Amino acid sequence: MGKTLIFNGELVNEGRRWKGYIVIDNEYIEKVGEGEPDAEIKAQCSTQYDVDGALILPGVIDDQVHFRDPGLTHKADIYTESAAAVAGGVTSFMDMPNTKPPTVTLEALEQKNKHASEVSLANYGFFIGGTNDNLATLLATDYKYTPGVKLFLGASTGNMLVDNRETLKNIFSEVPALIAIHSEDEATIRRNREFYVKKYGEDLPIKFHPLIRSNEACYKCTARAVELATKCNTRLHVLHLSTERELEFFSNKPLCEKKITAEVCVHHLWFTDDDYAKYGNLIKWNPAIKTWDDRAALRMALNQNYIDIVATDHAPHLLSEKQGSCLKAASGGPLIQHSLLVMLELVKQNEFTLELVVDKMCHAPAELYKVKDRGDLREGYYADIVVVDQTVPFTVRAENILTKCGWSPFEGYMFHNSVRQTFVNGNLVYNQGEILRNSFGKRLVYNN
């Protein structure tokens with residue numbers, strides 16, 4: 001295809017903001033320029049987009065999604081969720097292994113990658129899941145093409161709980177890759193559940209969810225994991241931090257110097273336990289949304305670099321699956337289409353800077369996972385680009401929700417920004433409300 005020019009925009013990249021332009025040649029960024037492109041550059045570009053002062057950002061990299069494919073595709077699949085992703089400016093995702101069958105064998109891993117190559121509008125990576133008995137598989141995995149190992153240390157995911165101490169020690173000490181963990185202590189959760197059921201009965205309302213999956217449950221599990229990782233010199237990544245107390249385990253050194261890193265998800269930065277009264281089970285996640293103090297601490301830690309990246313834990317369920325008591329309603333919800341808009345809304349509220357949002361959603365995920373040639377607006381990098389209009393608001397409505405489950409906790413909310421266009425590998429895949437199924441994403445490659 002011919003060259004593409006995106007111009008008359010405000011680029012935000014690597015801590016800088018400037019009026020400039022980007023030239024795309026096939027899949028790659030050929031030139032990142034300042035000011036207006038000259039006549040020669042315009043003459044070279046057969047396709048041109050004047051974005052009229054909009055923001056031009058690197059594509060978002062979301063390191064934690066559950067696209068439910070295979071086995072749970074009644075509520076989500078790789079095509080529908082990748083469509084929601086690109087509509088939200090997310091150009092690359094890393095999917096978790098708790099599917100049916102679970103991604104705990106090399107065969108299952110390769111089947112997911114093959115399927116994604118045929119249907120995913122965004123670039124893709126798939127974690128291999130750890131179990132109590134698949135260490136040989138983890139050691140045989142090619143981590144040039146796999147982001148890491150996912151361990152569930154709290155039993156929110158059926159049969160993937162890893163609770164054998166010797167197995168954990170072996171995984172942490174022998175696997176030559178990043179270990180990403182869901183960190184909640186199962187014994188504490190069970191004890192809390194038994195206490196509240198005995199006192200109040202089985203029909204517990206949603207306000208009990210953060211009491212059952214408590215701060216203590218998160219803290220205990222993270223403490224053990226960090227201790228083990230420190231002893232074994234493991235690259236440990238703690239997913240979806242939700243408590244102030246856990247922050248003591250992380251440093252604000254430059255990311256390149258860290259072996260132990262942390263992620264926060266947009267729902268833990270946006271909601272508090274006060275919101276359960278309004279949203280009920282729609283904001284039931286594991287780990288649970290917790291207090292105002294926890295949220296304030298997470299925001300501060302992100303600003304001060306104790307937390308390294310922002311993700312979603314996008315985990316769709318049908319509305320029918322979100323009904324019932326806090327013990328019965330499914331945990332998780334759709335977020336990927338609106339995650340960038342949420343963070344830009346927090347910029348508008350002066351919680352974060354735009355430069356920090358780009359760092360934590362684009363640059364830092366690429367650096368943390370050593371993703372090859374993505375995450376920045378750099379010459380020679382893949383042209384994963386999102387154009388954001390700061391003058392056109394976006395109201396979340398049922399008819400513009402693209403996730404297969406068909407709902408969002410943000411339905412009815414008006415964001416002050418909107419995603420205008422998304423490019424994946426130089427291809428325009430989302431344009432002003434329309435999904436363009438003219439190309440598919442690529443398997444992510446990691447410089448491990």
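May I ask you to verify whether E202 is of a type in the set (D, E), out of contact with any Phe, Trp or Tyr (no Cβ under 7 Å at 6 or more places or on another chain) and farther than 21 Å from H66 by Cβ? Here the answer is yes, as E202 does meet what is asked.
Here region 212-257 is the region considered, the condition is being open to solvent by 80 Å² or more (accessible area, probe 1.4 Å) and in a helix (DSSP H, G or I), and the residue that is nearest to W285 (Cα to Cα) is R245. Among the residues of region 258-282, those that are over 30 Å from W407 (Cβ atoms) and either open to solvent by less than 40 Å² (accessible area, probe 1.4 Å) or in contact with a His (Cβ under 9 Å, 6 or more places away or on another chain) (or both) comprise K258, I260, T261.
Only a single criterion out of (1) touching a helix residue (DSSP H, G or I) at 6+ places or on another chain (Cβ under 7 Å); (2) farther than 13 Å from N13 by Cα is not satisfied by L354, namely (2). The number of residues in region 437-446 that are open to solvent by less than 40 Å² (accessible area, probe 1.4 Å) and assigned to a loop (DSSP other than H, G, I, E, B) comes to 4.
Out of curiosity, is D293 open to solvent by 10 Å² or more (accessible area, probe 1.4 Å), at pLDDT 95 or above and closer than 25 Å to N252 by Cβ? When the stated conditions are applied, D293 passes them.
Residue count for region 269-307, restricted to those that are among the small types (G, A, S) and touching a Pro at 6+ places or on another chain (Cβ under 8 Å): 1. Inside region 22-74, residues that are small (G, A, S), more than 26 Å from the chain's Cα centre (by Cα) and either closer than 30 Å to W285 by Cβ or surrounded by fewer than 15 Cβ atoms within 10 Å (Cβ to Cβ) (or both) make up a count of 5. Does E174 satisfy the condition of being exposed (fewer than 15 other Cβ atoms within 10 Å of the Cβ) and either under 26 Å from K360 (Cα atoms) or in contact with a strand residue (DSSP E or B) (Cβ under 7 Å, 6 or more places away or on another chain) (or both)? So E174 does not fit the description; no. Looking at region 123-193, the strands (runs of 3 or more DSSP E) lying wholly inside it that each contain 1 or more residues that are β-branched (V, I, T) sit at 149-152, 179-182.
Could you list, in sequence order, the residues of region 114-130 that are buried (at least 19 other Cβ atoms within 10 Å of the Cβ) and either more than 15 Å from S173 (Cα to Cα) or of a type in the set (K, R) (or both)?
Start the filter on region 114-130 by keeping residues that are buried (at least 19 other Cβ atoms within 10 Å of the Cβ), which leaves 116, 120-130.
Within region 114-130, A116, S120, L121, A122, N123, Y124, G125, F126, F127, I128, G129 meet the criteria.
Considering region 194-211, the residues that are in a helix (DSSP H, G or I) and either in contact with a Cys (Cβ under 7 Å, 6 or more places away or on another chain) or touching a residue at least 24 places away in the same chain (Cβ under 8 Å) (or both) include one that is nearest to K259 (Cα to Cα), namely P210. What do you reckon, is E216 charged (D, E, K, R), within 19 Å of R295 (Cα to Cα) and within 22 Å of the chain's Cα centre (by Cα)? So E216 fails the test. Of all residues in region 67-121, those being among the aromatic types (F, W, Y) and in contact with a strand residue (DSSP E or B) (Cβ under 7 Å, 6 or more places away or on another chain) number 2. Contact map, region 24-50: residues that are under 21 Å from V424 (Cβ atoms) and in contact (Cβ under 8 Å) with a residue 60 or more places away in the chain paired with residues that are among the small types (G, A, S) and in a strand (DSSP E or B), Cβ distance under 9 Å, separation 6+ or inter-chain. Pairs shown: V32/G20; Y49/G9. The residue that is most open to solvent (accessible area, probe 1.4 Å), counting only those in region 75-109 that are β-branched (V, I, T) and either free of Cβ contacts under 8 Å to residues at least 60 places away in the same chain or part of a loop (DSSP other than H, G, I, E, B) (or both), is T105.
Is it the case that K150 is of a type in the set (K, R) and either open to solvent by less than 10 Å² (accessible area, probe 1.4 Å) or farther than 21 Å from A223 by Cα (or both)? Judged against the criteria, K150 is a match. Within 23 Å of E345 (Cα to Cα) and touching a helix residue (DSSP H, G or I) at 6+ places or on another chain (Cβ under 9 Å): does that describe V238? Against the criterion (within 23 Å of E345 (Cα to Cα) and touching a helix residue (DSSP H, G or I) at 6+ places or on another chain (Cβ under 9 Å)), V238 does not qualify. Looking only at region 196-210, which residues are open to solvent by 60 Å² or more (accessible area, probe 1.4 Å) and within 10 Å of D273 (Cα to Cα)? Across region 196-210, the qualifying residue is only K207.
Of the residues making up region 307-324, those that are open to solvent by 10 Å² or more (accessible area, probe 1.4 Å), in contact (Cβ under 8 Å) with a residue 40 or more places away in the chain and on the phi < 0 side of the Ramachandran plot are H317, L318, L319, E321, Q323.
The values are calculated or read from the model by the stated rules, or taken from the named source; none is laboratory data. As the structure is a prediction and not an experimental result, all values here were calculated from the model. Here Cβ is always computed from backbone atoms with ideal geometry, including for glycine, and neighbour counts include all displayed protein chains. SASA here: full protein model, heavy atoms, side chains in, ligands and nucleic acids out. Shrake-Rupley method; radii C 1.70, N 1.55, O 1.52, S 1.80 Å.
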